[in-house]
Amino acid sequence: MDAAVQEAKLLRQVNALIVAHLRDQNLTQAATAVAAATMTPRADASVPNHLLRLVAKGLAVEQEEAARGGGAPAAAGLARPLGTNAVDFSVQNVRGPSKTFPKHETRHISDHKNVARCAKFSPDGKYFATGSGDTSIKFFEVSKIKQTMLGDSKESSGRPVVRTFYDHVQPINDLDFHPISPILISGAKDNTIKFFDFSKTAARKAFRVIQDTHNVRSVCFHPCGDYILAGTDHPVAHLYDVNTFTCFLSANPQDSSAAINQVRYSGTGSMYVTASKDGSLRIWDGVSAECVRPIIGAHGSVEATSAIFTKDERYILSSGKDSCIKLWEVGTGRLVKQYPGAVNTQFRCQAVFNETEEFVLSTDEQNNEVVVWDALTSERVARLPSGHTGAPRWLEHSPVEPVFVTCGNDRSVRFWK
C-alpha cells in the first residue's frame, strides 16, 4: 500500500484515539473540539483507556530496547515515514553533471472522438484513465499495454482499453482515483463530479453524482478517501464529504477572485494547493481550510495551470501559461528553482515529477515535444518528439515506475515506457 495512504490512515487512528481518550476523561468539550478540528467521526463504542494502554505498552518496549542497548524497534507493518526517500531540494547551486533520463519507447494506444484533455494513474500504478472533450472516459490496464508493446503474439491481441465510461454531457476536465477502493471520479464542464466503480466489468455509467454549482475544473481525493476537493470556476475550492455530499467552503478565502485550474492535496492531506487563472498559488491548511500562504503572481498575470507537492511536502512544483515551471518552498513561499525551455501559452498543461522525483516532465506545445529536466540541477536533459499530430495537451506520470502517458489535441493517447 502506498506510504501516503498508510500515513493518512495512521493519523486518523491517532486522532480517533485522542478523541476517545478525552471522552474517557470526561473532557467532552475538548473531545468535541478536537473531533471537529480533525474531522474525526464520533465512535459510539471504544475500548476504555485504549490510548493509555497503547502508550504504556510502547514505553515498556522502548525502555526494554534501551536497556539492551538497541535502538527503537520498527513497528510491524508500518512503511518508512513519508518523504524519507524524497529528493532534497534544499541543496542550493547543485554542481556536477545532471542525471541521464532513461530512453523511453512510446506507442499510440487509443483515440478519443475529440481532444484528449486529461489523464490520471491509480495510486498503485496498475491502471490509468483519460478524459476527453467527447465526454467519454477511457480506462486502461497498464499490464495489458506492456504486453502489447512487447509484441507477444499470445497476449498482444488483448485490447489495452478495459472499458469506456459514458455519463457526462460536456467535456471532462480532470480525473482521480480513490486511494483504496476501486473508484474513479471525474470533474467536467457540466458542473458535476461523477463516481465510477471499475471493479464491475459491465458498469458504464456513474453510480453516484455530486452536482456542483460551477464548471468543475479539477478534482482530488483526500489521502483517506473520505473527502474530495473540487477546483471550479468559483474562486474557492469546494470540499465535499464523500459519504454525505455536504459541501464546505473556506471561511478565509484570502481575497481569491479567480477560477481554479488545479487543486491537489499533499501526501498526508495536511495541506492542499490551488493554482488559479489569475496566476496565483495558494497553500491551504488541510483541516481548517485556512489559507496559510498565498503566492500572488506566481506566474505573473497569466494562468497558473498546475501545482503539486513534493513527497516530503516541503516544496510545490507549478506551471503556467507564462511558459515557466517553478519550484516553491512551502514554508516561506520562496522561489527555489526554475525549469526553462518549454513553451506553453495556449493550453492548460501540467508539470510533474517522475516516480523518484529525480526528473521534472512537461510538454512543449510549440515544438510538439515532451521536455525533461534534472529536478536538482534544473538542466534540461531531454527533448522527445511527442508523436502527436499537433500539440500534446497533457502529461501524467506513474507514481510507481518509469512510465507516463501523453494526451493530444489530435485526440490520441500515447503510452511511454
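The values are calculated or read from the model by the stated rules, or taken from the named source; none is laboratory data. Small disclaimer: the values here were computed from a predicted structure and weren't measured. Heads up, the Cβs are rebuilt from the backbone with ideal geometry, glycines too, and the neighbour counts pull from every protein chain shown. We work out accessible area using only protein heavy atoms, side chains counted, and drop any ligands, DNA or RNA first. Shrake-Rupley method; radii C 1.70, N 1.55, O 1.52, S 1.80 Å.
Leaving out ligands and nucleic acids, and using a 1.4 Å probe, what accessible area per residue does the chain come to in Å²?
44 Å²
Note down the net charge around D212, summing +1 for each Lys or Arg and -1 for each Asp or Glu among other residues with Cβ under 10 Å from its Cβ.
Once all neighbours under 10 Å are counted, the net charge is -2.
If we count every other residue with Cβ under 11 angstrom of T310's Cβ, Lys/Arg +1 and Asp/Glu -1, where does the sum land?
Spelling it out: positives minus negatives among the neighbours equals -3.
What accessible surface, in Å², does a 1.4 Å probe find on Y127, ignoring ligands, DNA and RNA and rounding to the nearest 10?
That residue has around 60 Å² of solvent-accessible surface.
How much of the accessible area of the stretch 92-140, probe 1.4 Å, is carbon plus sulfur, in whole percent?
46 percent
Assigning unit charges at the beta carbon (Lys, Arg +1; Asp, Glu -1) and nothing else, what dipole magnitude in debye, to the nearest 20, does the chain show about its Cα centre?
Rounded to the nearest 20 debye, it is 760 debye.
Among F248, F140, F309, determine the one that fluctuates most according to a GNM of the chain built with springs between C-alpha atoms less than 10 Å apart.
F248
Express the relative contact order of the chain as a whole percentage, based on alpha carbon pairs under 8 Å and six or more residues apart in sequence.
After rounding, I find 13 percent.
Show me the ranking of peptides 24-31, 299-306 by mean Cβ neighbours inside 10 Å, starting with the highest.
Highest to lowest by the protection proxy: 299-306, 24-31.
Arranged from highest to lowest average of other beta-carbon atoms within 10 Å per residue, in what order do the peptides 265-273, 99-107 appear?
Most protected by this proxy first, the peptides run 265-273, 99-107.
With θ set to phi - 60°, apply the Karplus curve 6.51 cos²θ - 1.76 cosθ + 1.60 along the stretch 342-351 and write out the HN-Hα couplings as whole Hz, x wherever there is a Gly or Pro.
10, 8, 9, 10, 10, 9, 6, 10, 9, 10
Among G331, F245, Q147, flag the residue with its Cα farthest along the positive direction of the charge dipole of the chain, charges on Cβ as +1 for Lys/Arg and -1 for Asp/Glu.
So the residue furthest toward the plus end is Q147.
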